[in-house]
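Remarks on the structure that follows.
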Amino acid sequence: MLNFEFNGRRMSAFEGDTIASALYASGVRIFSRSFKYHRPRGLLCVSGRCPNCLMSVDGVPNVKACTERVRAGMKVKSQNCWPSLEHDIFSVIDKIGRFLPVGFYYKTFINPPIEWSRVEWIIRRLTGLGDIEEEIASATGKGPKDGRSIHSSSFEHLNLQADVAVIGGGPSGIFAALEAGNAGARVVLVDDQPALGGHLRYSGETLSIDVATGEGAYSGLKSSAVASTLEKAVRDRPNMTVLDNSTAFGIYESNLIGIVRGNSVIRLRAEQLVFATGAHEFPSVFQNNDLPEVFLGRGIQRLVNLYGVIPGKRAVVVSNNDSGLGVARTLMDAGVKLEAYIDSRKAVGAPETLAEIEDAKVQTFLGWAVKEARGSKHVSSVVICEVDNEGELVHGTERVVSCDLVSLSTGFETEAWLLNQTGSRTIYDELLREFIPRELKPTVYVCGDLTGIHDLNIAIMQGKVAGLSAAVNLPAMERSSELKVEYQRKSLETYSRLVSQYEGKYREGMKRTRGPDVLVVEYPGSDKMRKRFVCVCEDVVAKDISLATFEGFDDIETLKRYSTVTMGPCQGKMCSMPSLHLCSRVTGRSIAQTGRTVSRPPYVPVAMGALAGAELHPVKLTGIHYKHIELGARIMDMGEWKRPHVYTSVEEEYKAVRESVGVIDVSTLGRLDVKGRDAGKLLDFVYTHIFSTLKVGKSRYGVICDDAGIVLDDGTVTRLSETHYFITTTTGNVEFVEEWLVWWATALRLDAYITNVTAGLGAVNVAGPKARDLLQKLTTVDLSSGAFPYMSSAEGEVAGVPCILLRIGFVGETGWEIHFPAEFGEYFWDTLLEAGKEFGVKPFGVETQRVLRLEKKHVIVGQDTDALSNPFEADMAWTVKFEKEDFVGKAALVAAEKKEPERMLVGFVMKDSMVAHDGDQVFSQDGSRHVGFVTSSKFSPKVGRCVGMALVTPEHYKEGSLIRVKSDDALNGAEVTLAPFYDPEGKRLRA
Amino acid sequence: MGFLLECPNCGKRDVYEFRFGGEAHKRPRVNSSSEEWMKYVYMRENVAGVQQEWWFHRLGCHKWFLAIRDTRDNSVSI
C-alpha cells in the first residue's frame, strides 16, 4: 500500500493505482469544479483525454489525476473551488447561468456599463485553471525530489532514429511493429500507456479471432492475457524499441516526431510512419450530461479491469454502437446491477451478447435514448425516451430509471490529429459517422480504430499490412535479398485482399444496424434545457453553439474562436463532434461540408521545461584559467568565456604595465588560419585594408564591413608566408568571421581555406617598458626594435614552446602578443611570471586592459561602434583603401564618404572630478540639444580625470569642442580631444 | 522547424546543424546604381514558394552551399 495526501487528508492506494482510481475507490466522486459555472465534475474518460480530473500534484498544476500514478507521499490538491470540492461557494454562478450567454465577455465589456478593470480581479478569481504555487513560480530549484521536480536539470532531450515509427501500441500497432520488425526494419513503438495492448488491456472480453488473420491461436483467450503475450513478443525483439508512457505530441517536417515522456522530450526521426492512434469516445449531449458518475463506457472498463474499482451499484448503459454491449458485460461480470441497457439502434451487431443481457433479466430498450440525467451532485436517475427514425425524441414516452452510474458508449472519434499534421487528410464517412483517413502522404500508413473500423480481426490485418508496407517501401529494403522481399510482397497482397473483404462485410453490418443520429438530443422546447454540455472544459452548452451559429459564427473556425468550444484543456477531444453536429444542424450543411478545425502541435500539454530541455550552458575556459583562480582573480563572463576581471587592483596592475611589465591572458581572441593561393585576394576583398601587398613577417590592423558599409569586426592580419595568413578577431566573434570569410571564398570561387584555430591556441600579451627584457630571457628570437619593429611578427620558441610572436600594442606599450599551443598554457604563464619577477611583472585583467586601451583610444567593435557605424564615423578612415577595384562595402563606403557623417566617434575628458559612464547621453554645451552618447568611459590615471569616447554629431568633431555628459541628472562639462590621451605619437608603442 | 537538409559533403542532417545564410542573390557590380545596391543590401523577396538560398554547415564540414527550398513546406533539393 502507498500513502498520499489529498486536500490534506491521508489516502491509500495500491501499487499501480492512478490518483483517480485510488480516490474513486476511497469514495471520492467529485474531482473538479467546472471552469465557468463551478459545477461538480467527476471522472469521465479515465484516460487523460477530458478535463474533469485536473489537479495540483506536488505544486504542479493541471495534472491529470486519471493517468498520474500514485507515488508514496505525494501531495494532491483540487483546483478551482473554494472552500472545498463538495461545497464550492462559486457554484452559485450555475444558478444564474442564463445570464452568461455565449460571447459574454465580448457583449458585456465592449461598451461598458461595467468597467473591465473594475471586475477583472473577480473574474480572474472565478475562472481559470490551477494556480502555480509560490515556490514554483520563483523557481528556486527546490522542487520535490521524485519525478516531477521543477529543477531544470531534471529535464532532458533525447534523439532517436528509426526505419519505422509506430504510434499507438494497441493491437493493430503491435502487429504493425511486429511485421515491420520481422521484415528487418528498426522499429520504434510509441505508446502513451504504461503497458502495451490498447483496449485489450481493459475490455475484459474473451477474444474470437479468425484463422485467416494468421493469429487464430489467440482465439478463446482473455483479452488482457493476449495483451501481455503480445507486449512480451514486441519487447523481446532485438530491433524494436518500445517507448511506453510516451505521448507523441507533434509531427514535424521530414518525419520528425516530438514525444514527451515524463520530463523528457524525445526527437524521433523515422523513414516511415505508421499511425495506429485509435479512436476515443465522447459523450452525447443531453440535459445534465456532465453530472458526476456519468462515464464514458471505456472509462468504466478501465476502472474495473485495470484498477479493480467497482464504479457503482446500479448502472444504466447508454449506447449507439456495439461497444456498449461490451461495457454492459464488464459491469455484469463485476457484479454491478444493470438497471437498463439503452440503445438508439433497433438492431445490434452482436445479438448473442444482447441475448445474454436479456437473460440476466436486464431491461433492454432498443430505439431509445437518454433525454436527461437527474441529481444534484451525483446522478440519481435518467429520463429515457423513444426516438423516431430521424433521431427526434418521441414526446410522451418518457420513463425514469433510477441508478447511480451511467455509461455512455455514444460514439468514437478517430484520433487523427497527429495524422493530419503530416498533411494527410481525413474525410467524414456518413456510414461510420467518423472522420477517416484519406489521401495519405508518402511514408504515412494507418491501421486500426483510426480507420473508423472497430473490429479486432480487421485491426490485426490492417496492422500487418501497414507494418509490411512501411518496411518494404524502405529505401534500404530494396537492397535486401530478392527472395525475402518477394515473399513479403506476396503476404502483403494476401493481407490487403483480406482486409478489403473484411471491411466490406463490416460496412454491410453497419448498414444493417445503423440507427438514427441522437448525438445531441433535440425536441420542441429543448432550448430551455440549458445544461446540455457540449464542452466540459469551457462550459459551453448546446444552446451557446446554436446561438453563436445563429449570430453568424457559422464557420467552424469562427465558431470555435467565438464560443471557445474545442479551445479548452482537452483541445476538442470531448466536444469536437457534438459541436460539429450542432453547427451542421443549424446551418443545414452536412458534417463533411462543415469540416473539422485544424489541430496543431502539441497534441497534449507539454511542460515548457521539457521543451527547453536541460540547462546546458556552454562555458569556455582558457588553458590558463586555473592559474587565474590560484592568483585570486575575480572572474567575469565574456560571452561563453570566463576571464579574469582584475587580480589585485586596477591601479596596481595599470602601474605595472605602464612602468615595468604586465601579462594578460588573451587566449579568448579568435584566431583563424587562412591558406591558399588566393588567400591575399580574399582578405583584400573582405577587409577594407590591403593585405596582398603585406610583406611576410608583417602585421596590419584590419576592419571588416558588410555591403552596407557597417563595421562588423576588426583585428590584426599577419602574413606568415606567401600563402598563409594568421588572423585575430574580436573575442566571441570568431565563428561569425569564419563563416563570413568562408562564404566570400565560396561565392568568389577563391582558392582559400579558412581554419578556426582558436581552441588550439593559447595567447598572452606581454606589455610594458620591460617586456623586451623579460621575453629576451626566454627566447633566442632577436627582439630589439631594429630586428623586431612594431607591427611585425616572427615564429620561434619562447621558453621552449613553439610560438607566433606579434609585435602589436593594444594597451599602448612595447609588447608582444604571443600565440602558442593551448596545452602549454599553465607552463607558459608560470614561466613568464617567474622570469618577470626581477622586473616586478604583474598579471592584469580585463578591467585594467580596458583602461589602458581607452587611454590609447583603441576602438572595441561592438562597444564603441554599433549596428550603424561605418569606418568614417569610427574615425578609422585610414583603414579604407578605395584604390582597390572592389571589396565588401566599397559601394556603400564610397557613397558614405561623400556625405557628411551623422555622428563621429570622439574622445573626451571630463571637467574636474566629474564622472561619466558607458551609455550616458551627451548634450550640447548649453544643454539645449541632445548630440550623442558615451560608448566607453573610465578614470584615466594618466590624465588624472575621467576620459572616454562618445558618438556625437559632427560639429563636435574638433579639438576642444565643449559638450555636456548627463550623469545622475546632472549635465557635467567635458572637452573633446581627437588624439589619444596617452602617448599620442606612439613613441612608447614603437620603442 | 525540424526538417532535414542534405549537405553536399556530409549528407542528410538535422537543420539545426546549419546556419541559414539568406536568399541567394547576385551581387551588383561595384559601379552599379545605388538603387541596385539598395535592393541587394536591404530588400528580400520573402516568397511563398521555391527559392535558392545559402546554408552553412556549422556543426559539420564548415562549408557553404546553395539549396533550393520551398518555403511553404520546407522541402529541399540541391
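Since every read-out is calculated from the coordinates, none of them should be taken as a lab result. Just so it is clear, the structure is predicted and the values come from calculations on it, not from any experiment. Backbone-built Cβ (ideal geometry, glycine too); neighbour counts: all protein chains shown.
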>> Which residue, A:394, A:321, A:340, has the largest displacement toward the positive end of the dipole of region A:283-410 when charges sit on each Cβ (Lys, Arg +1; Asp, Glu -1)?
In response: A:340
> What's the FRET efficiency of residue A:706 with residue A:883 using the Cβ-Cβ distance as r and R₀ = 30 Å, to the nearest 0.05?
Replying inline: 0.90
>> So if each residue of separation counts as 0.36 nm, and I subtract the Cα-Cα distance between residue A:124 and residue A:955, what length gain in nm does that give?
In response: 293.5 nm
> Where does region A:523-615 land on Rg/Rh, using Cα atoms and the Kirkwood Rh?
Replying inline: 1.09
> By how many nm would the segment from residue A:600 to residue A:511 lengthen if fully extended, with 0.36 nm per residue of separation less the alpha-carbon distance?
Replying inline: 28.6 nm
> Which GluC sites (Glu not before Pro) does chain B hold that lie in a coil by DSSP with at most 10 other beta carbons within 10 Å?
Replying inline: B:45
> To the nearest 10 degrees, how steep is helix A:297-307 against the longest Cα principal axis of chain A, on a 0 to 90 scale?
Replying inline: 80
> Along each of its three principal axes, how wide is the spread of alpha-carbon positions in region A:2-137, in whole angstrom units, largest first?
Replying inline: 56, 32, 25
> Near residue A:385, within a Cβ-to-Cβ distance under 11 Å, what is the net charge of the other residues, with Lys and Arg +1 and Asp and Glu -1?
Replying inline: -3
> residue A:868 to residue A:612: extension gain in nm, 0.36 nm per residue of separation minus the Cα-Cα distance?
Replying inline: 88.8 nm
> Using 7 Å Cα-to-Cβ label points, what is the residue A:898/residue A:236 separation (nm, one decimal)?
Replying inline: 8.4
> Hey, got a sec? Which chymotrypsin sites (Phe, Trp or Tyr not before Pro) in region A:1-54 land in a DSSP loop and have at most 14 other Cβ atoms within 10 Å?
Replying inline: A:14
> For residue A:943 and residue B:71, FRET efficiency with R0 = 41 Å and r from the beta-carbon atoms, rounded to 0.05?
Replying inline: 0.15
> Under a straight-distance cross-link criterion of Cα-Cα below 23 Å, which lysines are reachable from residue A:642, leaving out those fewer than 8 residues away in the same chain?
Replying inline: A:620, A:627, A:842, A:938
> Classify region A:273-325: rounded, prolate or oblate, from the alpha-carbon gyration tensor (a ≥ b ≥ c, eigenvalue square roots; a/c under 1.5 rounded; otherwise prolate if a/b is larger than b/c)?
Replying inline: oblate
> How far is helix A:576-587 tilted off the main Cα axis of chain A, in degrees rounded to 10, range 0 to 90?
Replying inline: 70
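Where does region A:653-745 land on Rg/Rh, using Cα atoms and the Kirkwood Rh?
Computed over Cα atoms, the ratio is 1.04.
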> Counting only Cα, what are the radius of gyration and maximum Cα-Cα distance Dmax of region A:542-586, in Å?
Replying inline: 9.3, 26
> Can you work out the FRET efficiency for the pair residue A:440 and residue A:211, with r the C-beta to C-beta distance and R0 = 22 Å, to the nearest 0.05?
Replying inline: 0.15
>> Please report the net charge: other residues with Cβ closer than 10 Å to the Cβ of residue A:54, K and R +1, D and E -1.
In response: +2
>> Please list, ordered by chain and number, the residues whose modelled amide H lies under 5 Å from the amide H of residue A:269; skip anything fewer than 5 residues away on the same chain.
In response: A:160, A:161, A:162, A:257
> Share of Cα-Cα pairs in region A:901-990 beyond 16 Å, in percent?
Replying inline: 47
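Suppose we take every Cα in region A:640-855 and form the convex hull; what volume per residue is that in Å³?
Here the figure is 117 Å³ per residue.
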> Once you charge only the Cβ atoms, +1 for Lys and Arg and -1 for Asp and Glu, what is the size of the charge dipole of the protein assembly as shown about its Cα centre, to the nearest 20 debye?
Replying inline: 920
> What residues from region A:589-616 fall in the zone where the backbone N is under 20 Å from a label point 7 Å along the Cα-to-C-beta line of residue A:430?
Replying inline: A:589-596
>> Run the paramagnetic zone check for residue B:30: 7 angstrom along Cα to Cβ, then residues of region A:656-700 with backbone nitrogen under 17 Å.
In response: A:680-694
> PRE reach from residue A:773 (point 7 Å along Cα→Cβ): which of region A:644-666 fall under 13 Å by backbone N?
Replying inline: A:659-662
>> Can you find, among B:62, B:37, B:48, the residue sitting farthest towards the positive end of the charge dipole of region B:19-77, where Lys and Arg contribute +1 and Asp and Glu -1 at Cβ?
In response: B:62
> If each of residue A:483 and residue A:92 carries a label point 7 Å out from its Cα toward its Cβ, how far apart are those two points in nm?
Replying inline: 8.3
>> Placing one identical point scatterer on every Cα of region B:19-77 and ignoring solvent, what is log10 I(q)/I(0) from the Debye formula at q = 0.13, 0.19, 0.23 Å⁻¹?
In response: -0.42, -0.78, -0.95
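In debye, nearest 20: dipole of region A:160-303 around its Cα centre with unit charges on the Cβ of K, R (+) and D, E (-)? Intermediate results must be reported in sequence, preceding the final value.
On the way: 11 positive and 15 negative charges, 74 e Å.
Rounded to the nearest 20 debye, it is 360 debye.
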> For region A:516-576, what value does the Rg/Rh ratio take when both radii are computed over Cα atoms and Rh is the Kirkwood radius, given to two decimals?
Replying inline: 0.96
> Looking at region A:748-809, which trypsin sites (Lys or Arg not before Pro) are DSSP coil and have at most 16 other C-beta atoms within 10 Å of their C-beta?
Replying inline: A:749, A:777
> For the protein assembly as shown, what's the radius of gyration and Dmax over Cα atoms, in angstrom?
Replying inline: 37.8, 117
> Taking only DSSP H segments of four or more residues, each worth -39500 (n - 2.57), what value at 222 nm results for the protein assembly as shown once the sum is divided by all its residues, to the nearest 500 deg cm²/dmol?
Replying inline: -7000 deg cm²/dmol
> When the C-alpha atoms of region A:603-691 are aligned to their principal axes, what extent does each axis show, in angstrom, from largest down?
Replying inline: 66, 47, 21
> If we count every other residue with Cβ under 14 angstrom of residue A:696's Cβ, Lys/Arg +1 and Asp/Glu -1, where does the sum land?
Replying inline: +3
>> Starting from the 7 Å offset along Cα-to-Cβ, what nm value, one decimal, do you get for the label separation of residue A:640 and residue A:592?
In response: 5.6
> Suppose every K and R has +1 on its Cβ and every D and E has -1 on its Cβ; what is the size of the dipole of region A:768-906 about the Cα centre, in Debye to the nearest 20?
Replying inline: 340
